[in-house]
Amino acid sequence: MTTDQIILFSLFGLVFAMLLWGRFRYDLVAFSALMIGVVLGVVPTKDAFSGFGHPATLIVALVLVVSAGLVRSGAVFLITRTLVDSARSLGSHITIIGAIGAVLSAFMNNVAALALLMPVDIQTARKAGRSPAKSLMPLSFATILGGMATLIGTPPNIIIASIREEATGEPFGMFDFAPVGGITAIVGLLFVALIGWRLIPAREDAGKNASDLGQYIAELTVPADSKLIGKRLGELETEAEDADVAILGLMRDGKRRYGAARNSVLQEGDTLVLEASPDALDELRAALSLNFSDEKREGHLKAAGDGLDIIEVVVPETARIAGKTAAALGLAWRQGAVLMGISREGRQIRSQIRKTEVQPGDILLVLVQKDRGADVTEWLGCLPLADRGLVVTADSKMWLAIGLFIGAVAAASLGLIYLPVALGLVVVAYVLAKIVPISELYTHIEWPVVVLLGSMIPLGAALDSSGGTSLIANALIDLTAGLPAWAVLTVLMLVTMTLSDVLNNTATTIVAAPVGIQMANTLQVSADPFLMAVAVAASSAFLTPIGHKNNTLILGPGGYRFGDYWRMGLPLEILVVVVSIPAILVFWPM
């Protein structure tokens, strides 16, 4: 093993370890590894930023903008509102909304597809009087499966196509993934709709979120001119009982007081720690003339005007608030909003809410000024859990958006125009037609994914050029020596699938795809079946909530635990292997 190989393997090992640890965001980890690789000389300086102009990176960014255009035009909303009905049985609902999610995710970012359908699914579950836990995981898995069917359905497919282009001079086409990915997705959807959802463990708290819990922890502050100053905390119990509010304690100078707090004399700036429903809390606040708690701008919301709204949002990995506290982010003084409650895996956070670090998958209960909910949600980078009641821009723009997208896909599929150029033209047309406002053009791009791709592509190329991928490929060939071709493909799929369950699927694909090509070259067979095997396996992250962003997004709203995913995910992954291997051998023979 050469020095360069040792350094690169060490860098990839470090990247994977850091991704597993999860302490730092994946884009920072990948970019840091790239910079270290450049400094150590294993990544040529001239190639350091080549990944940011790579077709795969550009396609991922453009697909996100196109997805936003289809949403803003009302095309997606029209489909979901027309086809989803709360009167259907659970099995029928999962079948229909899963099919919608799969079709949408085949042509738009699968995270965006889930983000659109998740509020619809939750609202449908509430109307039907059932827990959303039974349908959210099937919906997440359906959107992941649907992405397998087309080139633009998921980043792994885009990366696979680009790597094939570099290796053979010709990329995979828009629908080259459909025979294998489409069949696998259909069979997987049938399993999820008929059997899979029955394997999800039922819990009393499953699917409860911050406001469903009825009672939640809140903090109200004694203002400077309050008539309560000088009274003992215990004297407020009568008003609290009348409003059906429980006084849990008192916080002063950042320290909580329990027990003896009942006899504490109230001072300006004291914070009452309460347990109450939203209505009860507002009743007590009005009765005692208290302020919503915020150390920098007490009373801001009270003075803001006529009304307040409580919104529920779920936190994705890329949210502005992920990994931060509401206090550190300046939620109150920047947006005039107060974090009232946090739900994590179906459980309430009962510590100091404003100083609790928010994690991906959490549900936040946020108090905002009237009609400011959408703005605050977008600023936080979160996704709303309530049906947003999206307004269709105009029928003409809706059909224009659909027509432009279909035309671009058709032109790219027929080889008339290069796919990144076709998508780029759609983006330009969307901006000119004001389907996507130019002021929001870049806000729809998931920059951490772009940075991850731009960083990992040069590292992957360096590993390949140094002979590192050949070492891995030869090790797998030795491991499968004497086995038939389908067994070799199966081993590659299992290794890739295992990595994808615990790592980012983009990082997994960048490493596994060149390994698949090297294995094919060693066996002197076509590389296409190996690339297809990697594409399907990299997208099959069903065992954990960290393997795919969609699984993370449903963690809080579904009230799931880390160990819940494998119950439906493990048989689904086995089914994916059983179905896809024969399909690969039929449609992409060696």
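Surface composition of the chain: carbon and sulfur atoms hold 60% of the protein heavy-atom accessible area at a 1.4 Å probe. Axis angle, to the nearest 10 degrees, between helix 133-146 and the longest C-alpha principal axis of the chain: 30 degrees. For Ser343, Ser92, the ranking by accessible surface with the largest value first comes to Ser92, Ser343, using a 1.4 Å probe.
If I fit a long axis through the Cα atoms of helix 110-128 and take the longest principal axis of the Cα atoms of the chain, what angle between them do I get, 0 to 90°, rounded to 10? Taking Cα atoms only, the helix is inclined about 50 degrees. The stretch between Phe175 and Ala481 holds 106.8 nm of extra length on full extension. This uses 0.36 nm per residue minus the Cα-Cα distance.
If R0 is taken as 35 Å, the Cβ-Cβ distance between Ser526 and Trp399 corresponds to a FRET efficiency of 0.25. Solvent exposure of the chain, expressed per residue, is 40 Å² of accessible area, with all protein chains present and a 1.4 angstrom probe. The coefficient of translational diffusion for segment 1-111, derived via Stokes-Einstein from the alpha carbon Kirkwood radius under 10 °C and 1.306 mPa s, stands at 89 µm²/s.
Working from label points 7 Å from Cα in the Cα-to-Cβ sense, the Asp309 to Ser264 distance is 3.4 nm. Multiplying the residue separation of Leu585 and Lys231 by 0.36 nm and subtracting their alpha-carbon distance yields 119.5 nm.
Estimated from helices alone, the mean residue ellipticity of the chain at 222 nm is -17000 deg cm²/dmol (sum of -39500 (n - 2.57) over DSSP H runs with n ≥ 4, per residue). Once R0 is set to 22 Å, what does the formula 1/(1 + (r/R0)^6) return for the Cβ-Cβ distance between Ile406 and Leu570, expressed as a FRET efficiency to the nearest 0.05? Efficiency for this residue pair is about 0.05.
Helix 395-413 and the longest principal axis of the Cα set of the chain meet at an angle near 30°. Which values, in whole Å and largest first, are the semi-axes of the equivalent ellipsoid of segment 15-79 obtained as the square root of 5 times each eigenvalue of the Cα gyration tensor? Output for segment 15-79: semi-axes of 34, 17, 6 Å. The Cα-based radius of gyration and maximum Cα-Cα distance (Dmax) for segment 356-483 are 22.4, 69 Å. Solvent-accessible surface of protein heavy atoms, probed at 1.4 angstrom with all chains present, puts Ser73, Ser466, Ser50 in the order Ser50, Ser466, Ser73, largest first. When every Cα-Cα distance of segment 135-195 is counted in 5 angstrom steps from zero, the calculated P(r) takes the values 4, 20, 24, 20, 14, 9, 6, 3, 1 percent. Relative to the current alpha-carbon distance between Phe24 and Arg334, full extension at 0.36 nm per residue lengthens the span by 109.1 nm. For the set Lys227/Lys255; Lys370/Lys397; Lys134/Lys549; Lys255/Lys324, the pairs lying more than 26 angstrom apart at their alpha carbons are Lys370/Lys397. Can you compute the FRET efficiency between Lys355 and Glu440 using 1/(1 + (r/R0)^6), with r the Cβ-Cβ distance and R0 = 25 Å? Round to the nearest 0.05. So, using R0 = 25 Å, E works out to roughly 0.20. Based on every Cα atom in segment 52-157, Rg and the maximum pairwise Cα distance Dmax equal 14.3, 49 Å.
Note on the chain: semi-axes of the ellipsoid equivalent to its C-alpha gyration tensor, largest first and rounded to whole Å, are 47, 26, 23.
Sorting 573-585, 496-508, 34-46, 533-545 by their mean Cβ neighbour count within 10 Å, with the most densely packed peptide first, gives 533-545, 496-508, 573-585, 34-46.
The listed peptides 550-557, 479-486, 421-428, 262-269, ordered by packing as a protection proxy, come out as 550-557, 421-428, 262-269, 479-486 (highest mean of other Cβ atoms within 10 Å first).
The values are calculated or read from the model by the stated rules, or taken from the named source; none is laboratory data. As the structure is a prediction and not an experimental result, all values here were calculated from the model. With ideal geometry, Cβ positions are generated from the backbone for all residues, glycine too; neighbour counts draw on all protein chains shown. Please note that ligands, DNA and RNA were not included when accessible areas were found on the heavy atoms of the full protein model with its side chains. Shrake-Rupley method; radii C 1.70, N 1.55, O 1.52, S 1.80 Å.
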